[in-house]
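The values are calculated or read from the model by the stated rules, or taken from the named source; none is laboratory data. The shown structure was predicted, so the numbers you read here are calculated from the model rather than taken from an experiment. All Cβ positions, even for glycine, are placed from backbone atoms using ideal geometry, and neighbour counts span all protein chains on display. Please note that ligands, DNA and RNA were not included when accessible areas were found on the heavy atoms of the full protein model with its side chains. Shrake-Rupley method; radii C 1.70, N 1.55, O 1.52, S 1.80 Å.
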Amino acid sequence: MSVGIRGRILGQGRPWLCAPLVGQERRLILQEAATLAGLPVDIGEWRYDLAAPLEGGPGSLLPAILEALGDRPLIFTYRTPAEKQGGGLAPLDYAAAILAAAQAGADLVDIEWNRGQKLAAQLGRGAREAGCKTVFSCHDFLGTPSVALMVQTLLRMEDGGGDVVKLAVTPQTPEDVLALLTATQEAGQRLSVPLITMSMGRLGMASRLCGGLFGSCLTFGAAAGESAPGQPPVEELARTLDLLYGP
C-alpha cells in the first residue's frame, strides 16, 4: 500500500505534509514554490484552477515551479464545478491540462472521480504513459456520507486505476469526523494503494492532525493560503506531526 516518488515512499511511516500553491500570477506562484522549498513540507500542490489563464497552459510554467521547489515533488490539481468549486474548463480542456502537466514533469496529477469513471481511467492511462502517478479524488462539500459509502468510494477509485485515492468530506457533527476516520481505517485494511482522507473545515481539523494514525498517508497545510477549509498553517501542522509520529 505504497507508491515510490523520487526515491521516497508515500504510504509508509509518517504521513507526508503537502502545502498548496494558490497564487494567481506566474510571479506569485514561483515565489510560493521557492518559499515551500524552505518550509517543513514533503510535497507541493499546484492548484492550477486558482491561477489566471496562462498562455501555453500548465506546461509553460510547471518546469519552473519544479525547479523552484528543489527536491520537493509536485501534485498538479485542477479543481472543477464537478467538485463544487474551482474553475470551469470544458471536459476536453480539463483532460488536456491534466495530460500536459503529466508530460511536463508533475510527479502526480489529481483526477476528479466525479467527472466520470471513464474519463478518470483514460486520464490515468495517459498520465502513466508520461511517467506520472495519479491521485483519484472525490470531494463532498455538503456533508459526510455513511462509513459504508465512503469505503465503497475509495475502493471504486482503486478499481478505476488510481495509484493513490483521496476522499474529502464536510462534517456537520463530531460524529461525522469519527465516521471519516472509521472509514479511513476500514478502507486501509482493504486497499492495495495509499489513501488520503480528510474531514474539512474547523470541525474536521482533527482529521488532518491524526489521520495518519488511521491510515491516511498525506495531510494538507496552508503556507501562502488555504486551498480548502480547515488547513492549519504548515509550521504548526509539522510540529503536531513531530509529536504524533516523531521528527
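Annotations for the structure displayed:
- Efficiency of FRET from Cβ geometry, Asp71 and Glu236, R₀ 22 Å, rounded to 0.05: 0.40
- Each part reduced to its alpha carbon centroid, segment 1-62 and segment 153-203 end up 22 Å apart.
- Of all DSSP beta bridges in the chain, antiparallel share, percent nearest 5: 10 percent
- Accessible area per residue in Å² at 1.4 Å probe, computed on segment 87-234: 39 Å²
- Selection from Val151, Val164, Gly188, by position along the positive dipole direction of segment 133-189 (Cβ): Val164
- Accessible carbon and sulfur surface of the chain relative to its total accessible area, %, 1.4 Å: 53 percent
- When you filter the trypsin sites (Lys or Arg not before Pro) in segment 156-217 for DSSP loop state and at most 13 other Cβ atoms inside 10 Å of their Cβ, you are left with Arg190, Arg202.
- Three-way shape label, segment 1-42, alpha-carbon gyration tensor, a/c 1.5: prolate
- Scattering profile of the chain at q = 0.07, 0.09, 0.14, 0.15 Å⁻¹ [log10 I(q)/I(0), Debye over alpha-carbon scatterers]: -0.20, -0.33, -0.86, -1.01
- Descending principal axes extents, segment 139-241, alpha-carbon based, whole Å: 35, 27, 21
- Cα gyration tensor shape for segment 1-143, rounded if a/c is under 1.5, else prolate or oblate: rounded
- FRET efficiency, Arg128 to Leu149 (Cβ-Cβ, R0 30 Å, nearest 0.05): 0.60
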